[in-house]
Every structure is written in C-alpha cells, then in structure tokens.
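No lab work stands behind these numbers, since they all come straight from the coordinates. As the structure is a prediction and not an experimental result, all values here were calculated from the model. All Cβ positions, glycine included, derive from the backbone under ideal geometry; neighbour counts span all protein chains shown.
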Amino acid sequence: MNRSFIPGVGRWISLLAAGLSLLALPGAAFAKVNIVATTTDLMDIARSIGGNKVDVTVLSRGVDNPHAVEPRPSQVIKLTQAALLLRIGMDLDMWVDSLIDAARNGNIARGGKGYVDCSTGIKRLEIPTERVDASMGDIHIYGNPHYWLDPLNGKIIARNILNALQRVDPSNAESYAANFREYARTLDQKADAWERQLAPFKGAKIVTYHKSLIYFLKRFGFVQFGEVEPKPGIKPSPSHVNQLIREMKSGGAKVIMMEPFYEKRYPDLIARETGAKVAVVPPSVNSMKGIDTYIEVMDAIVSRVAEALK
Ligand SMILES: [Zn+2]
C-alpha cells in the first residue's frame with residue numbers, strides 16, 4: 001500500500017516522529033560520555049573517575065610499546081564520536097595526532113573542550129638542557145614522558161580527567177568529584193603502603209632497560225644507575241653491554257628492571273655476568289596477565305622490585 005493514497009498518513013508519521021524524538025530526549029540525558037584514551041592506564045583511571053556515566057575505548061594494547069603504536073584507520077571513527085580524548089602527551093603518543101587530524105572532530109582537536117593532555121601539571125623530569133639532535137636517540141624534547149609510573153602522578157592524571165569530565169558533562173559534576181575523592185584517597189593509602197614496602201631498599205642502584213622508570217625510582221628513593229639501551233629507543237650494542245657490566249660490578253648495581261615487550265636476552269646476559277636479578281615489570285594495565293588496573297600495575301612493580309632487591 002502506498003501511503004500517498006491515504007490522506008493524513010503523512011501527518012500521522014510526522015506526529016509519530018515528533019513523539020518518538022520527545023521520548024528519545026530523556027534517554028539522551030543519560031547517554032554516556034564517550035571517551036577515547038591512547039593508553040590502557042588512562043582508560044582505567046578514566047573508568048574509575050567516570051564510573052557508569054562514561055564509555056571508554058582505548059587505542060593501544062597494554063602489551064604495546066607505547067612509543068611505537070601503529071594507528072589503524074578504523075580507529076578514526078572512534079575519534080569522530082568522542083567527547084573526550086585522553087593522551088599521555090610529552091611526545092609519547094604522537095601516533096594519535098594523525099587520527100585526530102583525520103577525525104575532524106573539533107571537540108577533541110588540540111585546544112578543543114574535550115582534548116585532554118594528561119601531563120598537564122606533572123612535574124617533568126629530564127627536560128633537555130642542551131640542543132637535541134637525532135644522535136641522542138629518541139630524546140623527548142618535553143622531558144621524560146613515562147610519568148604515570150609515579151603513583152602520585154596517577155592522582156594528577158585523575159584530576160585532569162575529573163576537570164575534563166566536569167567541563168563536558170556538568171550535570172554529573174558531583175558524581176565525578178565523589179569518584180575522584182575516593183580514588184585519590186585509595187592512591188594515597190596505597191602510596192604510603194608502597195613507600196613502607198620499599199623503605200628497606202632506599203638508595204639501591206637500579207639499571208633499567210629503557211629510561212622509563214625514573215619517576216618511579218625517584219618517588220621511592222632509588223638511584224637510576226644505567227640503562228641496557230645505549231640511548232633511548234636504540235638497541236643494545238655489545239660494547240655498551242660490556243661497559244654496563246663493568247660499571248655494575250664496580251658500582252654494586254644488583255637489579256635490572258625491564259618491560260615485557262623488550263628482548264630479555266641482554267638483561268639475562270648482564271645478570272649472569274654480574275649476579276644481578278632481572279625484574280620484569282608491567283608498565284601498563286593489561287601489559288601482563290592479571291594486571292587489570294593502574295593500582296595493580298603499581299602493586300606489581302613494587303612487589304617485583306622488592307623481591308629482586310631482597
Ligand atoms: Zn620512553
């Protein structure tokens with residue numbers, strides 16, 4: 001049956017459509033805030049602050065080296081629909097910039113209401129004081145970007161996310177604030193417990209594979225003794241490894257920390273030569289089995305380092 005033959009049906013349909021859209025309105029008020037995060041740690045913290053009022057998707061996997069994520073064109077669609085984009089910033093997740101450009105979503109473009117550089121307010125370490133050039137490896141001109149591995153920086157990240165959520169969804173501002181207070185309180189308590197757990201080892205000299213743990217080491221009073229990489233992002237060379245072995249023997253460094261996505265053979269070789277222990281630590285949520293939250297990341301790093309220093 002063709003509706004144009006029945007007078008009044010067209011009007012009926014538009015009335016029905018108007019009624020449906022009225023019905024849809026209250027639903028829209030409950031729509032979740034669409035958040036896209038570049039890393040799993042930001043994803044987890046955003047879920048803690050946003051609770052059931054947000055939907056969070058993540059653009060990388062915990063097992064990825066966050067410097068070297070290959071963005072996929074299919075991820076652009078997520079950004080076109082996003083109200084918030086959360087990034088680590090400081091050049092770590094530069095790979096998201098091409099996705100932001102392609103999405104043409106003013107909310108999450110740099111300077112937009114929903115663009116959140118989570119490094120805002122972080123006390124940055126290792127800002128280069130000299131001219132940076134390619135011979136220095138993957139030097140980050142804004143400083144070392146691995147700041148989320150200091151648990152108290154996790155609180156700053158959470159506050160940046162809180163501010164952004166209150167900006168784009170003011171009707172739920174108080175709920176976000178309550179979640180933040182709870183999360184910050186938990187982090188403070190945890191940080192005290194981690195501090196106590198690591199206190200007996202204060203001052204220990206620690207070698208890391210990549211220079212990714214300086215915020216962690218500084219927070220808990222350790223000394224960054226050296227790196228398995230000769231320069232950030234550059235594969236170990238035999239001469240560098242031999243020199244590191246000599247230095248560790250004379251300097252008394254007994255622990256090598258590394259992320260699971262690096263090759264273990266160099267740390268293992270160094271450990272054999274020096275008697276040091278290798279601690280494989282999860283740098284991010286979902287980077288290792290059973291590590292499903294940011295707090296579990298920190299818990300695991302602390303207990304693995306404590307175990308290796310015993
Ligand atoms: Zn790095």
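What's the angle, to the nearest 10 degrees (0 to 90), between helix 265-274's Cα axis and the longest principal axis of the chain?
30
Pick from S98, S212, S60: which is most flexible by mean-square fluctuation in a GNM of the chain where alpha carbon atoms under 10 Å apart are linked?
S98
Per 0.36 nm of contour for each residue apart, how much would the distance between R110 and F261 grow if the chain were fully extended, relative to their Cα-Cα spacing?
51.3 nm
Order these by the 10 Å Cβ neighbour count, fewest first: E296, E307. Numbers along the way, then the final one.
Values: E296 16, E307 11.
Starting with the residue having the fewest Cβ neighbours, the order is E307, E296.
Efficiency by 1/(1 + (r/R0)^6): what FRET value for R181 and T120, r their Cβ-Cβ distance, R0 = 30 Å, to the nearest 0.05?
0.90
For the pair V168 and D188, how long in nm is the line joining their label points, each one 7 Å along Cα→Cβ?
Taking the simple label geometry, V168 and D188 are separated by 2.8 nm.
Could you give the length gained by full extension between K235 and A31, i.e. 0.36 nm per residue of separation minus their alpha carbon distance, to one decimal place?
68.7 nm
Note down the magnitude of the dipole of the chain about its Cα centre, charges +1 on Lys and Arg C-beta and -1 on Asp and Glu C-beta and zero elsewhere, to the nearest 20 debye.
Taking the Cα centre of the chain as origin, the dipole is about 300 debye.
Under the rule of at least 5 residues apart or a separate chain, name every residue whose amide H is placed under 5 Å from the amide H of V278.
Those lying under 5 Å, H to H, from V278 are I256.
Build a GNM of the chain with springs between Cα atoms under 10 Å: which of A37, A193, A300 gets the top mean-square fluctuation?
It is A193.
Note down the magnitude of the dipole of the stretch 200-309 about its Cα centre, charges +1 on Lys and Arg C-beta and -1 on Asp and Glu C-beta and zero elsewhere, to the nearest 20 debye.
360
Measure nothing but the geometry: give the 0 to 90° angle between the long axis through the Cα atoms of 173-198 and the longest principal axis through the Cα atoms of the chain, rounded to 10°.
10
Multiply the residue gap between K289 and S250 by 0.36 nm, knock off their C-alpha separation, and tell me the result in nm, one decimal place. Show your work: numbers first, answer last.
On the way: separation 39, 0.36 × 39 = 14.04 nm, distance 3.60 nm.
Extending this stretch completely gives an extra 10.4 nm.
Rounded to the nearest 500, what is the chain's calculated 222 nm mean residue ellipticity when only DSSP H runs of at least 4 contribute -39500 (n - 2.57) each, over all residues? Please report the intermediate quantities before stating the final value.
Working: 10 runs with 135 residues, N = 310.
The per-residue figure over the chain is -14000 deg cm²/dmol.
In nm, to one decimal, how far is the modelled label at W95 from the one at E70, with both set 7 Å along Cα→Cβ?
It is 0.9 nm.
Given the options V33, P145, I234, identify the residue whose Cα lies farthest towards the positive end of the charge dipole of the chain (+1 on Cβ of Lys, Arg; -1 on Cβ of Asp, Glu).
The residue sitting most towards the positive pole is V33.
Give the total of Lys-Lys pairs in the stretch 200-309 with Cα-Cα distances below 15 Å; include a pair only if its members are 8 or more places apart or on different chains.
Summing the qualifying lysine pairs gives 12.
What angle, in degrees between 0 and 90 and rounded to the nearest 10, separates the Cα long axis of helix 40-50 from the longest principal axis of the Cα atoms of the chain?
The angle comes out at about 50 degrees.
If the label point is 7 Å along Cα→Cβ of E195, which residues in the stretch 219-261 have backbone nitrogen under 19 Å from it?
219-223
Using label points projected 7 Å from each Cα along Cα→Cβ, tell me how many nm separate D268 and M136, to one decimal.
3.5
Set Lys and Arg Cβ to +1 and Asp and Glu Cβ to -1, take the dipole of the chain about its Cα centre, and tell me which of S250, A173, V56 lies farthest positive.
A173
Please pull out the direction-averaged projected area of the chain, using the convex hull of its alpha-carbon atoms, in nm² to one decimal place. Walk me through the numbers on the way to the answer.
Values: hull surface 83.2 nm².
For the chain, the mean projected area of the Cα convex hull comes to 20.8 nm².
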